[in-house]
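Here's the structure we're looking at; comments come further down.
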Amino acid sequence: MSAERPPGGARPPKGGGSEATSGGVISNESIKRLVPEFDALKTRFPAGFESYLVLPCLRRVQEEQGYVGDSDIDDLVAYLGVPRIQIEEVLSFYTQFRRQPVGRWHLQVCHNVSCSMRGAERVLDQLSKKLGIGPGQTTADGRFTLSTVECLGSCGTAPVVMVNESYRENLSVESIEALLDGLA
(Lines give C-alpha, C1' and ligand atoms only; values in the text may rest on other atoms or scores of the structure.)
Protein backbone atom coordinates (compact mmCIF):
# COMPACT_ATOMS: atom_id res chain seq x y z
CA MET A 1 0.00 0.00 0.00
CA SER A 2 1.56 3.29 -1.08
CA ALA A 3 1.39 6.51 0.90
CA GLU A 4 -0.96 9.26 -0.28
CA ARG A 5 0.70 12.27 -1.90
CA PRO A 6 -0.28 15.78 -0.87
CA PRO A 7 -1.45 18.44 -3.37
CA GLY A 8 1.09 19.16 -6.12
CA GLY A 9 2.44 15.62 -6.13
CA ALA A 10 5.29 16.34 -3.73
CA ARG A 11 6.49 13.59 -1.48
CA PRO A 12 6.14 14.16 2.24
CA PRO A 13 9.42 15.37 3.77
CA LYS A 14 11.79 12.70 5.09
CA GLY A 15 13.95 14.49 7.59
CA GLY A 16 14.91 18.12 7.77
CA GLY A 17 18.69 18.24 7.50
CA SER A 18 20.38 20.17 4.75
CA GLU A 19 22.72 17.37 3.73
CA ALA A 20 20.28 14.56 3.17
CA THR A 21 16.59 15.19 2.58
CA SER A 22 13.87 13.21 0.84
CA GLY A 23 16.24 10.28 0.57
CA GLY A 24 18.91 12.13 -1.43
CA VAL A 25 22.24 13.74 -0.74
CA ILE A 26 23.10 17.23 -1.94
CA SER A 27 26.50 17.12 -3.62
CA ASN A 28 26.70 20.50 -5.37
CA GLU A 29 28.49 23.17 -3.30
CA SER A 30 26.38 25.98 -4.77
CA ILE A 31 23.20 24.28 -3.62
CA LYS A 32 24.68 23.47 -0.21
CA ARG A 33 25.32 27.21 0.31
CA LEU A 34 21.71 27.97 -0.55
CA VAL A 35 20.14 25.35 1.71
CA PRO A 36 19.72 27.76 4.67
CA GLU A 37 17.71 30.06 2.39
CA PHE A 38 15.72 27.12 1.08
CA ASP A 39 15.05 25.98 4.66
CA ALA A 40 13.73 29.47 5.48
CA LEU A 41 11.45 29.31 2.44
CA LYS A 42 10.20 25.89 3.51
CA THR A 43 8.88 27.35 6.78
CA ARG A 44 6.46 29.52 4.80
CA PHE A 45 4.54 26.50 3.48
CA PRO A 46 2.84 23.58 5.19
CA ALA A 47 4.51 20.19 5.03
CA GLY A 48 3.72 18.45 1.76
CA PHE A 49 3.82 21.60 -0.35
CA GLU A 50 7.47 21.33 -1.41
CA SER A 51 6.46 21.62 -5.06
CA TYR A 52 5.64 25.28 -4.37
CA LEU A 53 9.34 25.86 -3.70
CA VAL A 54 10.54 24.80 -7.16
CA LEU A 55 10.28 28.27 -8.73
CA PRO A 56 11.92 30.31 -5.94
CA CYS A 57 14.68 27.71 -5.48
CA LEU A 58 15.46 27.68 -9.21
CA ARG A 59 15.53 31.46 -9.20
CA ARG A 60 18.09 31.54 -6.38
CA VAL A 61 20.25 28.89 -8.05
CA GLN A 62 20.37 30.96 -11.22
CA GLU A 63 21.07 34.17 -9.29
CA GLU A 64 23.94 32.41 -7.54
CA GLN A 65 25.68 30.88 -10.57
CA GLY A 66 24.04 32.32 -13.68
CA TYR A 67 22.32 29.15 -14.91
CA VAL A 68 20.70 25.91 -13.71
CA GLY A 69 22.74 22.80 -14.52
CA ASP A 70 21.80 19.13 -14.44
CA SER A 71 23.52 18.58 -11.08
CA ASP A 72 21.50 21.48 -9.66
CA ILE A 73 18.31 19.77 -10.79
CA ASP A 74 19.44 16.49 -9.22
CA ASP A 75 20.13 18.25 -5.92
CA LEU A 76 16.80 20.10 -5.95
CA VAL A 77 15.02 16.79 -6.59
CA ALA A 78 16.85 15.35 -3.57
CA TYR A 79 16.19 18.40 -1.40
CA LEU A 80 12.55 19.05 -2.30
CA GLY A 81 11.49 15.47 -2.92
CA VAL A 82 9.65 16.40 -6.12
CA PRO A 83 9.79 14.47 -9.39
CA ARG A 84 12.53 15.62 -11.76
CA ILE A 85 9.97 16.27 -14.49
CA GLN A 86 8.36 18.93 -12.31
CA ILE A 87 11.60 20.92 -12.21
CA GLU A 88 12.22 20.33 -15.93
CA GLU A 89 8.73 21.63 -16.72
CA VAL A 90 9.36 24.87 -14.85
CA LEU A 91 12.73 25.32 -16.56
CA SER A 92 11.27 24.79 -20.02
CA PHE A 93 8.19 26.97 -19.45
CA TYR A 94 9.84 30.09 -18.03
CA THR A 95 12.22 31.56 -20.59
CA GLN A 96 14.24 33.51 -18.01
CA PHE A 97 15.85 30.28 -16.82
CA ARG A 98 19.09 29.31 -18.51
CA ARG A 99 20.41 25.77 -18.72
CA GLN A 100 23.93 26.73 -19.80
CA PRO A 101 26.39 29.36 -18.60
CA VAL A 102 26.18 32.73 -20.30
CA GLY A 103 28.77 35.44 -20.75
CA ARG A 104 29.43 38.28 -18.31
CA TRP A 105 27.01 40.35 -20.40
CA HIS A 106 23.88 38.55 -21.58
CA LEU A 107 22.29 40.53 -24.41
CA GLN A 108 18.71 39.45 -25.10
CA VAL A 109 17.20 41.05 -28.18
CA CYS A 110 13.41 41.22 -28.34
CA HIS A 111 12.18 40.17 -31.77
CA ASN A 112 8.43 40.33 -31.32
CA VAL A 113 6.22 42.29 -33.73
CA SER A 114 6.63 45.74 -32.13
CA CYS A 115 10.39 45.48 -31.84
CA SER A 116 10.71 43.97 -35.33
CA MET A 117 8.67 46.79 -36.86
CA ARG A 118 10.98 49.30 -35.19
CA GLY A 119 14.28 47.74 -36.25
CA ALA A 120 15.09 44.81 -33.96
CA GLU A 121 16.55 42.78 -36.84
CA ARG A 122 18.98 45.60 -37.68
CA VAL A 123 19.96 45.84 -34.00
CA LEU A 124 20.48 42.07 -33.84
CA ASP A 125 22.51 42.11 -37.06
CA GLN A 126 24.70 44.94 -35.72
CA LEU A 127 25.28 43.14 -32.41
CA SER A 128 26.14 39.91 -34.27
CA LYS A 129 28.55 41.77 -36.54
CA LYS A 130 30.28 43.67 -33.71
CA LEU A 131 30.56 40.66 -31.42
CA GLY A 132 31.31 38.09 -34.10
CA ILE A 133 28.64 35.70 -32.81
CA GLY A 134 25.08 34.76 -33.63
CA PRO A 135 22.07 34.27 -31.37
CA GLY A 136 22.62 31.48 -28.87
CA GLN A 137 26.39 31.91 -28.91
CA THR A 138 28.97 33.31 -26.48
CA THR A 139 32.14 35.15 -27.44
CA ALA A 140 35.39 33.19 -27.09
CA ASP A 141 36.47 35.37 -24.16
CA GLY A 142 33.21 34.63 -22.33
CA ARG A 143 32.25 38.30 -22.10
CA PHE A 144 29.09 38.36 -24.23
CA THR A 145 26.21 35.99 -24.93
CA LEU A 146 23.68 36.99 -27.57
CA SER A 147 20.12 35.67 -27.45
CA THR A 148 16.75 36.47 -28.93
CA VAL A 149 13.58 36.48 -26.86
CA GLU A 150 9.98 36.53 -27.95
CA CYS A 151 8.90 39.58 -25.93
CA LEU A 152 10.34 41.78 -23.21
CA GLY A 153 7.05 43.62 -22.65
CA SER A 154 8.40 47.05 -23.55
CA CYS A 155 6.65 47.59 -26.88
CA GLY A 156 6.34 51.36 -26.42
CA THR A 157 10.14 51.72 -26.30
CA ALA A 158 11.02 49.26 -29.05
CA PRO A 159 13.47 48.00 -30.10
CA VAL A 160 14.65 46.70 -26.74
CA VAL A 161 17.67 44.72 -25.60
CA MET A 162 17.87 43.35 -22.08
CA VAL A 163 21.45 43.50 -20.80
CA ASN A 164 21.62 41.11 -17.85
CA GLU A 165 18.70 42.43 -15.80
CA SER A 166 18.29 45.96 -17.22
CA TYR A 167 16.53 47.20 -20.32
CA ARG A 168 18.17 49.31 -23.03
CA GLU A 169 15.38 50.90 -25.02
CA ASN A 170 14.79 52.85 -28.24
CA LEU A 171 17.93 51.34 -29.71
CA SER A 172 19.32 51.97 -33.14
CA VAL A 173 22.25 50.60 -35.10
CA GLU A 174 24.17 53.73 -34.04
CA SER A 175 23.39 53.34 -30.34
CA ILE A 176 24.67 49.76 -30.33
CA GLU A 177 28.24 51.06 -30.59
CA ALA A 178 27.80 53.15 -27.43
CA LEU A 179 26.08 50.27 -25.65
CA LEU A 180 28.94 47.87 -26.34
CA ASP A 181 31.59 50.51 -25.46
CA GLY A 182 29.84 51.01 -22.12
CA LEU A 183 30.07 47.30 -21.38
CA ALA A 184 33.75 47.01 -22.23
Q: Would you check if residue 108 is within 28 Å of residue 146 (Cβ to Cβ), modelled with pLDDT under 90 and either outside any helix (DSSP H, G or I) or of a type in the set (A, V, I, L, M) (or both)?
A: no
Q: With the condition kept exactly as written, say whether any residue in segment 51-67 is closer than 27 Å to residue 180 by Cα, in contact with a helix residue (DSSP H, G or I) (Cβ under 6 Å, 6 or more places away or on another chain) and not aromatic (Phe, Trp, Tyr).
A: yes
Q. So which of 66, 81, 103 is surrounded by 18 or more Cβ atoms within 10 Å (Cβ to Cβ) and under 30 Å from residue 169 (Cα atoms)?
A. 103
Q: Kindly indicate the residue of segment 84-99 that is farther than 30 Å from residue 170 by Cβ and of a type in the set (S, T, N, Q) and also surrounded by the fewest Cβ atoms within 10 Å (Cβ to Cβ) among those meeting that condition.
A: 92
Q: Taking the residues in segment 134-161 that are under 11 Å from residue 115 (Cβ atoms) and in a strand (DSSP E or B) as candidates, determine which candidate is farthest from the chain's Cα centre (by Cα).
A: 161
**Q.** Check on residue 127, touching a Leu at 6+ places or on another chain (Cβ under 7 Å), part of a strand (DSSP E or B) and either closer than 26 Å to residue 67 by Cα or not assigned by TED's automatic domain parsing to the domain that holds residue 63 (or both)
**A.** no
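The values are calculated or read from the model by the stated rules, or taken from the named source; none is laboratory data. Not measured: the values here are computed from a predicted model. Counting neighbours? That spans all protein chains shown, and the Cβs are built from the backbone with ideal geometry, glycine included.
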